[in-house]
Amino acid sequence: MTVTGERLCVCVRDAWKRYSPKVVILKGLNMSVVEGSIYGLLGPSGCGKTSLLSCIVGVRTLDSGTIDVTATRKIQVGFMPQEISLNKEFTVSEVFHFYGVIYGMSEEQITRRGAELVKFLQIPSDDRYIGNCSGGQQRRISMAVTLLHDPAILILDEPTVGVDPVLCADIWAHFLDLVNNKGKTIIITTHYIEEAKNANRIGLMRGGVLLAEEPPLALLRKYNADSLEAVFLKLSAKQETDDIDPSTQYYPPKKPYPLPLQNEKTFVFSRFRAQMIKNINWTRRNLPVTGFVIILPALLFFIMGHLSNVKNGDYPVSLRPLALVNDEVEDCRNTTPYLKLHKTCQLTRPFSCRYVDGLRTVFEMVEFDVLEDAKEAVRHAHAYGVIRFGANFSQNMMLRLKDQTAAPKAAIDGSDVEAFLDMSEYGYTVRTVRELGMKLLDLLQDICEECGYERKIAAIPIHLEQEVYTVSDIVHCFVPPYFGSVAFYTTTMFTSSSIVMERSSGLFERSKIAGLTMVEIIAAHVVMQIIVMELQNTLSFLVLYALLSNPMAGSAGTAWLIMTFNQLAGMVFGFFLSILIQVEKNVAYAGITTVLTLFMLTGTLWPVQGIHWLFKPVSAMLPVRYSGEAYLNVALRGLGLNHMSVIKGLIAPVVAIATLIALSALAVKTGLGSFD
C-alpha cells in the first residue's frame, strides 16, 4: 500500500461504524499510517479513537469501509488497551508467561525479554501480584506485555497516563529508537496533546472523523498556531460552523470486508495450554469461590439429611400442643380398667383416655375445661388444634362397634372425635390428620380384640402387600430433583460469571488480540468446568451414599452419567447467558431467575403434575425436569438404560445443548449478543 510515494502500514478508507441508529462512532473516516513512523491519534473522549483501534486489530468490524494492514497475523501486532485488562490475581511473571506462550515465544525468550522490560519500565519484581501494584505500575506492566514479543506494529491506547514524567520521556525515547533503528510502526492515542509533537504524523479526531492528518510542524505552520491545542481548537470551530454531520443524511448499508488480522490456525495446543494454566491459577487464587461451587450441592444434601429428627424421615408435627377437652372423664390419671361396656368385653379404661395416651406418643397435649377457651388458645397460636370428646364417648363408641348399622344416630354422633385444627400450615395438617386417624384405628382394633371380635372389623379394608418400590425416608424422594436443579444452577453461574467477568474487565478482548481464538478459550473453559463438575459430583455422591447412606437401587454409574449430562446442559446455558449479558451484576439477576424457575417448574418444590396449565409447556422444555425424574428412577426404583424414562434423562440435556448452541449462534449473528 502506497500513497504519494509513502508505503502505508495501516490504511483506513471510508470507515463507518455505529452501535445504534443514534450512536454513530465513525463517519466516513480516512486514515493513513506510514510504515516505520509514529502516528499520534489525538481527540477528546468519546470521539471514536478506541473504537477505531479495535476495528484495526480486528476485535470489532466496520459497518462499511475497508482496513488494510501490512501485518497479516495477530502475532505481528502488539496492542495496549486503555484499561489494564490483566488478571490482577496473577504475578508479573505469570502474565508474561501467559502472553509469551500465546505469542509463540520460548521459555528462555520470555524470561530474558521479561527481565529487560522489568528493568527498563521500572516494574516491581516479577513475583509481585499485579493487584498489589499501583495504577502507574500496572500500566507499565500492561505496556511490557505489549512490547514482550517485539512486534512490528504497536498500537497503544493512552500508554503514558499516570506514568512519571521522567519515565515518560524514556518511554518516548524508546519509541523513537524502535521506529528509527528497528523500523517499527507505532500508533498511539493520548490526551497529552503537546506530548504528541514527538510523533511523525498526527491525526486530529473529533466526532468520528479526522479533522487533519499531517506532521506536527506542518500543522503549526499551516494554521499559524503556537501549539497543537490551538490547532485543534481552530479545526473544531471550523467543523462546527462549516461541516454538516454526514451521518444525519446518509449511512451506507452494511458491507462485509476481510478482517485485517487473522490467526493461521484455529486451535494451537500451546495457546490452549496457556489458557488452561491461566484458568487453573485463577481457580487457585479464588479458592473460596470455586470451593463454594464444588461443595454447595453436597452441603445442601448434608443439611437435608439432617433436617428431620422424626423416625423414617416423616414430616414433623407442630411444636404447638394439641388442646384437649374431655367431657367424658375429668381425670385420665387412673390407669386401672374399671368399665364393663359389654358382656363379651374385658374391663377397660375410658376410650377417650386410651386414645389420648396414644396421641401423647406423638403430640404434646394440654388440657382445658371449656371448649371455647381451647379454641381461643388456637386463635392466639398457643395451641395447634383442639380435640374434644363427648360425655358418653366410650358407651357410644361401643354401640357403634357392636350394633353398627343398627346403632342409633345419637350414639353415632356421640362417638365422633371433634377436631378443631389450625389448617393454615399444610404439612402439619396432613401429618396431624393422619396421626389422629391412625391412632383411632389402633384403638378400635384393640377394642375389637378385647371384645372377642376380629381386629379387621375396625381396619380400613385395604391390605398393603410387598412394596414394588420402597423408600425408608421421605427426604430420599427430594434428593433427585434438588440434585438436578442445584447442579444445573451452579454450573450455569460458574460458567456465565467467569466469562462475563473476563469480558467486562477486557481480558477476553486482550487475549483474542494477542492471538487466542474463541475455540481455544471455550475449550479451556469446558475442560475447567468439567473438572469442577466431577469434583462436585464426587463430593455429592460421597455425602449422599457414603455418609448419609441414601439408597442407590440402580447403577451409580448411570446416575452419575445423568447428572453429568445435566451439568453440561447447565454449562452451555451459562455460555448462552454470557453471550446475552454484558454486565456482571445482571448475571446474578439471571441466576436468581434460573434457580427460581428450576425449583418451581421441575418438581423440586412442587410436583410437575400439579403445575398450572399455563406453565406446563415451560416445564416440559426444561431438561432438568427429565434429569431429575431419570435420576429418581435409577436411585429409588433401580431402573436402567433400557427404560425410556432414564433414556429421556440423557436425551433431554443433549437436545437442550444443541438448541442453546443454535440460539447462541443466532444471537451473535443478529447482534442480540456477543462474545467480544
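Ala71 falls short on exactly one of the conditions (1) surrounded by fewer than 20 Cβ atoms within 10 Å (Cβ to Cβ); (2) within 35 Å of the chain's Cα centre (by Cα); (3) assigned to a loop (DSSP other than H, G, I, E, B), and that condition is (2).
On the given criteria, is Val161 closer than 30 Å to Glu35 by Cβ, touching a Phe, Trp or Tyr at 6+ places or on another chain (Cβ under 9 Å) and buried (at least 20 other Cβ atoms within 10 Å of the Cβ)?
Numbers: closer than 30 Å to Glu35 by Cβ: yes; touching a Phe, Trp or Tyr at 6+ places or on another chain (Cβ under 9 Å): yes; buried (at least 20 other Cβ atoms within 10 Å of the Cβ): no.
No, not satisfied.
Would you be able to say whether some residue in the stretch 518-535 is in a helix (DSSP H, G or I), more than 30 Å from Tyr99 (Cα to Cα) and touching a helix residue (DSSP H, G or I) at 6+ places or on another chain (Cβ under 9 Å)? Looking through the stretch 518-535, none of the residues is in a helix (DSSP H, G or I), more than 30 Å from Tyr99 (Cα to Cα) and touching a helix residue (DSSP H, G or I) at 6+ places or on another chain (Cβ under 9 Å).
Can you find even one residue in the stretch 93-116 that is in contact with a Ser or Thr (Cβ under 7 Å, 6 or more places away or on another chain) and among the hydroxyl-bearing types (Ser, Thr, Tyr)? Checking the stretch 93-116: not a single residue is in contact with a Ser or Thr (Cβ under 7 Å, 6 or more places away or on another chain) and among the hydroxyl-bearing types (Ser, Thr, Tyr). Count of the stretch 572-603 residues, restricted to those that are over 24 Å from Pro617 (Cβ atoms) and surrounded by fewer than 17 Cβ atoms within 10 Å (Cβ to Cβ), is 6.
The listed residues are Leu660, Leu666, Leu639, Leu672, and the only one of them that is more than 14 Å from Ser555 (Cα to Cα), crowded, with 16+ Cβ neighbours inside 10 Å and not β-branched (Val, Ile, Thr) turns out to be Leu660. Taken together, the residues in the stretch 495-551 that are touching a residue at least 60 places away in the same chain (Cβ under 8 Å), among the hydroxyl-bearing types (Ser, Thr, Tyr) and touching a Pro at 6+ places or on another chain (Cβ under 9 Å) amount to 1. Listed conditions (1) within 25 Å of Ala635 (Cβ to Cβ); (2) part of a loop (DSSP other than H, G, I, E, B) are all met by Cys477, apart from (2).
Scan the stretch 11-33 and give yes if some residue there is of a type in the set (Gly, Ala, Ser) and outside any strand (DSSP E or B), otherwise no. No, the stretch 11-33 contains no residue that is of a type in the set (Gly, Ala, Ser) and outside any strand (DSSP E or B). The residue pairs whose first member lies in the stretch 391-410 and is within 14 Å of Cys451 (Cα to Cα), whose second member is part of a helix (DSSP H, G or I), and whose beta carbons are closer than 6 Å, counting only pairs six or more residues apart or on different chains, are Ser394/Phe351; Met397/Phe351; Leu399/Ala411; Arg400/Ala411; Arg400/Ile412. Taken together, the residues in the stretch 397-433 that are assigned to a helix (DSSP H, G or I) and more than 24 Å from Gln445 (Cβ to Cβ) amount to 6.
Residues are listed down the side, and each one gets a yes or a no for (1) modelled with pLDDT of 90 or more; (2) in the same structural domain as Ile25 (by TED's automatic domain parsing); (3) more than 23 Å from Gln239 (Cβ to Cβ):
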{"site": "Leu121", "(1), (2), (3)": "no, no, yes"}
{"site": "Ile141", "(1), (2), (3)": "yes, no, yes"}
{"site": "Val145", "(1), (2), (3)": "yes, no, yes"}
{"site": "Leu148", "(1), (2), (3)": "yes, no, yes"}
{"site": "Trp172", "(1), (2), (3)": "no, yes, yes"}
{"site": "Asn198", "(1), (2), (3)": "no, yes, yes"}
{"site": "Gly203", "(1), (2), (3)": "yes, yes, no"}
{"site": "Glu214", "(1), (2), (3)": "yes, yes, no"}
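Going residue by residue through the stretch 635-653, is there one that turns out to be within 28 Å of Met518 (Cβ to Cβ), assigned to a helix (DSSP H, G or I), hydrophobic (A, V, I, L, M, F, W, C) and under 20 Å from the mean Cα position of the chain (by Cα)? No, there is no match, as no residue in the stretch 635-653 is within 28 Å of Met518 (Cβ to Cβ), assigned to a helix (DSSP H, G or I), hydrophobic (A, V, I, L, M, F, W, C) and under 20 Å from the mean Cα position of the chain (by Cα).
Just a yes or no: is a residue in the stretch 123-137 under 32 Å from the mean Cα position of the chain (by Cα), under 17 Å from Ala514 (Cβ atoms), in contact (Cβ under 8 Å) with a residue 24 or more places away in the chain and surrounded by 20 or more Cβ atoms within 10 Å (Cβ to Cβ)? Scanning the stretch 123-137 turns up at least one residue that is under 32 Å from the mean Cα position of the chain (by Cα), under 17 Å from Ala514 (Cβ atoms), in contact (Cβ under 8 Å) with a residue 24 or more places away in the chain and surrounded by 20 or more Cβ atoms within 10 Å (Cβ to Cβ).
Contact list please: Cβ distance under 7 Å, first residue in the stretch 15-34 and at positive phi, second residue outside any strand (DSSP E or B), pairs at least six apart or on different chains. What qualifies is Gly28/Pro246.
Select, from Ala459, Ala410, Ala419, the only residue that is surrounded by fewer than 13 Cβ atoms within 10 Å (Cβ to Cβ), in contact with a helix residue (DSSP H, G or I) (Cβ under 8 Å, 6 or more places away or on another chain), farther than 30 Å from Phe301 by Cα and hydrophobic (A, V, I, L, M, F, W, C). Spell out how you get there, then give the answer.
Values: Ala459 fails: surrounded by fewer than 13 Cβ atoms within 10 Å (Cβ to Cβ); Ala419 fails: surrounded by fewer than 13 Cβ atoms within 10 Å (Cβ to Cβ).
The conditions single out Ala410.
Within the stretch 209-226, the presence of a residue that is surrounded by 14 or more Cβ atoms within 10 Å (Cβ to Cβ) and basic (Lys, Arg) is excluded.
Looking only at residues in the stretch 432-442 that are closer than 23 Å to Phe368 by Cα and out of contact with any strand residue (DSSP E or B) (no Cβ under 7 Å at 6 or more places or on another chain), which one is surrounded by the most Cβ atoms within 10 Å (Cβ to Cβ)? I'd like the intermediate steps shown before the answer.
Quick first cut of the stretch 432-442, residues closer than 23 Å to Phe368 by Cα only: 432-433, 435-437, 439-440.
Filter again for out of contact with any strand residue (DSSP E or B) (no Cβ under 7 Å at 6 or more places or on another chain), leaving 433, 435, 437, 439-440.
Details: Val433: 14, Glu435: 18, Gly437: 12, Lys439: 21, Leu440: 17.
Among residues in the stretch 432-442 that are closer than 23 Å to Phe368 by Cα and out of contact with any strand residue (DSSP E or B) (no Cβ under 7 Å at 6 or more places or on another chain), the one surrounded by the most Cβ atoms within 10 Å (Cβ to Cβ) is Lys439.
Residues of the stretch 601-622 that are within 25 Å of the chain's Cα centre (by Cα) and small (Gly, Ala, Ser): Gly603, Ser619, Ala620.
Do we find that Gly570 is assigned to a helix (DSSP H, G or I) and either in contact (Cβ under 8 Å) with a residue 60 or more places away in the chain or over 30 Å from Pro551 (Cβ atoms) (or both) in this structure? First the steps, then the outcome.
Values: assigned to a helix (DSSP H, G or I): yes; either in contact (Cβ under 8 Å) with a residue 60 or more places away in the chain or over 30 Å from Pro551 (Cβ atoms) (or both): yes.
Yes: the conditions hold for Gly570.
Quick one: in the stretch 1-16, of everything that is more than 21 Å from Ala71 (Cβ to Cβ) and either of a type in the set (Phe, Trp, Tyr) or modelled with pLDDT of 90 or more (or both), which residue is surrounded by the fewest Cβ atoms within 10 Å (Cβ to Cβ)? Please lay out each step first, then the result.
Kept after step one, since they are more than 21 Å from Ala71 (Cβ to Cβ), are these residues of the stretch 1-16: 4-5, 14, 16.
Filter once more, keeping what is either of a type in the set (Phe, Trp, Tyr) or modelled with pLDDT of 90 or more (or both): 14, 16.
Numbers: Asp14: 15, Trp16: 23.
Of everything passing the filter in the stretch 1-16, Asp14 is surrounded by the fewest Cβ atoms within 10 Å (Cβ to Cβ).
Confirm whether Thr429 is under 30 Å from Val293 (Cα atoms), β-branched (Val, Ile, Thr) and either buried (at least 18 other Cβ atoms within 10 Å of the Cβ) or touching a strand residue (DSSP E or B) at 6+ places or on another chain (Cβ under 9 Å) (or both). Taking the combined requirement at face value, the residue does not satisfy it. Residues that are within 49 Å of the chain's Cα centre (by Cα) and surrounded by 19 or more Cβ atoms within 10 Å (Cβ to Cβ) within the stretch 227-243 comprise just one, Phe232. Considering (1) assigned to a loop (DSSP other than H, G, I, E, B); (2) surrounded by fewer than 17 Cβ atoms within 10 Å (Cβ to Cβ); (3) not polar (S, T, N, Q), the lone condition that Glu372 does not fulfil carries the number (1).
The values are calculated or read from the model by the stated rules, or taken from the named source; none is laboratory data. Being a predicted model, the structure only gives us computed values, none of them experimental. Glycine gets a Cβ as well: all are built from the backbone with ideal geometry, and neighbour counts include every protein chain shown.
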